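Rule-based calculations on the coordinates, nothing more; no lab input. In this text, all values refer to a predicted model and were calculated from it rather than measured experimentally. Because the Cβ atoms are built from the backbone with ideal geometry, glycine has one as well, and the counts that use them run over all protein chains shown.
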Amino acid sequence: MSTILITGGTGMIGTRLSEILIENGHDIIILSRNPLPAAQLPKGIRHAKWDLNKKYIDPEAFAAADHIIHLAGAGVADKRWNKKRKEEIVNSRAESGALLVHAMQTIPNKIQSVHSASGIGWYGADTQKSLQNGFTEEAPADTEFLGETCRIWEEKIQGVKALGKRLTIFRLGIVLSNTGGALVEFKKPIRLGFAAILGNGKQIISWIHIDDLCHLFLKAMTDDAMQGVYNAVAPDTVTNKQLTLSLAKAMRGRFYIPIHVPAFLLEWVLGEMSIEVLKSAKVNSFKTQGTGFQYQYPFLADAIKELIHP
């Protein structure tokens, strides 16, 4: 089978993706600033050195790769936003993409395809049109921080096409996983008996189960017909209130109390990031479905059932 080079491979998505790729017979090389020895890693995975500051990638690892999956980037929701953190979020994506393109230009390689993450932050807040049909991949990038971040993120990896490499870009919705991300945060108050609905709860959330996301990357890698931008979201968009109450019911049955966390409190706690928490974004999955991709968890009820009672 193939050798897959992964950036951001030790994060929530990269960890699960590596497991699924190994199950499908592939070998994994994870680029890391601090590579671990093979004895400390699962079978089928090895680490290789890269350093964005020094613009370095292990040339042997790069030459061994058949495909690249590019997930690297500072976590958008990991820390409160300030000027320095926002620069880190943008630069980690811009510099890593540029380094991959430069490496393909300068290191002899046999890379067939590149598959990059982006985000549905590209689209900004819902409009009357998007509320009817959902944002499609052709919509322009929003001019606010996350829209501009996603625009730069995608722009920096586009250079691989000029080198004859097939490129897909996935605009990720909220990834539901038990090992990190938004779902872990939603669970915290529910464990104490409170279903914390954010703001008025009417904002639409476009989401995807982590296993569906990983299988979407796998399909893109093996399906030569896939290229360009795809929305990595499930067909079933829901409101924040629907997601929160469905999760609370799955975790606690009837034994929970719904509460609304007011917008002003979120603004005080989260600062500028609260805009994203309270934003409604209905994102269309028709193009992704049109590839023939089969979702394991197309509906929220299916996803929550698997995540809470696997």
* To do: Enumerate the lysines that residue 219 could reach by cross-link, defined here as Cα to Cα under 18 Å, with residues fewer than 8 away along the same chain left out.
  => 165, 287
* Asked: So, in Å, what gap is there between the alpha-carbon centers of the stretch 62-82 and the stretch 4-54?
  -> 12
* Asked: Along the Cα-to-C-beta direction of residue 23, a point sits 7 Å from the Cα; which residues of the stretch 203-247 have their amide N less than 17 Å from that point?
  -> 209-222
* For the chain, modelled as a GNM with alpha-carbon contacts under 10 angstrom, which of 62, 264, 170 fluctuates the most? -> 264
* For the chain, share of DSSP beta bridges that run antiparallel, in % to the nearest 5 -> 10
* **Net charge contributed by nearby residues that have their C-beta within less than 11 Å of residue 75 (K/R +1, D/E -1)** => 0
* To do: Using only alpha carbon pairs under 8 Å that are at least six residues apart, calculate the relative contact order of the stretch 20-114 and give it in whole percent.
  => 26
* Asked: What percentages, rounded to whole numbers, describe P(r) for the chain computed over all alpha carbon pairs with 10 Å bin width beginning at zero?
  -> 6, 27, 35, 23, 8, 1, 0
* Relative contact order of the stretch 186-296, pairs being alpha-carbon contacts under 8 Å that are 6 or more residues apart, as % -> 45
* Have a look at 228, 206, 4 and report the one farthest towards the positive end of the charge dipole of the chain, computed about the Cα centre with Cβ charges (Lys/Arg +1, Asp/Glu -1). => 206
* What is the dipole size for the chain, taken about its Cα centre, with +1 at each Lys and Arg Cβ and -1 at each Asp and Glu Cβ, in debye to the nearest 20? -> 660
* Asked: Over the chain, what is the relative contact order in whole percent, taking alpha-carbon pairs under 8 Å and six or more residues apart?
  -> 17
* Whether the stretch 36-162 is rounded, prolate or oblate, judged on the alpha carbon gyration tensor where a/c under 1.5 counts as rounded -> prolate
* To do: Check cross-link reach from residue 129 to the lysines: straight Cα distance under 16 Å, and skip same-chain residues fewer than eight apart.
  => 279, 282
* Structure fact -> Distance in nm between residue 270 and residue 127 label points, each 7 Å along Cα→Cβ, equals 2.4
* **the stretch 252-310: trypsin sites (Lys or Arg not before Pro) falling in loop per DSSP and having at most 11 other Cβ within 10 Å** => 254
* To do: Return the FRET efficiency for the residue pair residue 302, residue 38: r is the Cβ-Cβ distance, R0 is 51 Å, and the value is rounded to the nearest 0.05.
  => 0.85
* Quote the convex hull volume per residue of the stretch 246-310, based on C-alpha atoms, as a whole number of Å³. => 125
* Modelled label reach - residue 259, point 7 Å along Cα→Cβ, the stretch 227-244 residues with backbone N closer than 17 Å -> 241, 244
* Structure fact -> Of 266, 17, 243, the most mobile residue in a GNM of the chain (C-alpha springs, cutoff 10 Å) is 266
* Structure fact -> Applying the gyration tensor rule to the Cα atoms of the stretch 135-180 (axes a ≥ b ≥ c; rounded if a/c under 1.5, else prolate if a/b exceeds b/c, else oblate), the class is oblate
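If I stretch the segment between residue 250 and residue 185 completely, what's the gain in nm (0.36 nm per residue apart, minus their alpha carbon distance), one decimal?
Going from the current span to full extension adds 21.8 nm.
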* Choice from 123, 56, 297 with maximal GNM fluctuation in the chain (Cα, 10 Å cutoff) -> 56
* Counting helices only, and only those DSSP H runs with n ≥ 4, report the 222 nm mean residue ellipticity of the chain as the sum of -39,500 (n - 2.57) divided by its residues, in deg cm²/dmol to the nearest 500. => -11500 deg cm²/dmol
* Across 84/202; 55/161; 79/249, pairs whose alpha-carbon gap is larger than 27 Å -> 84/202; 79/249
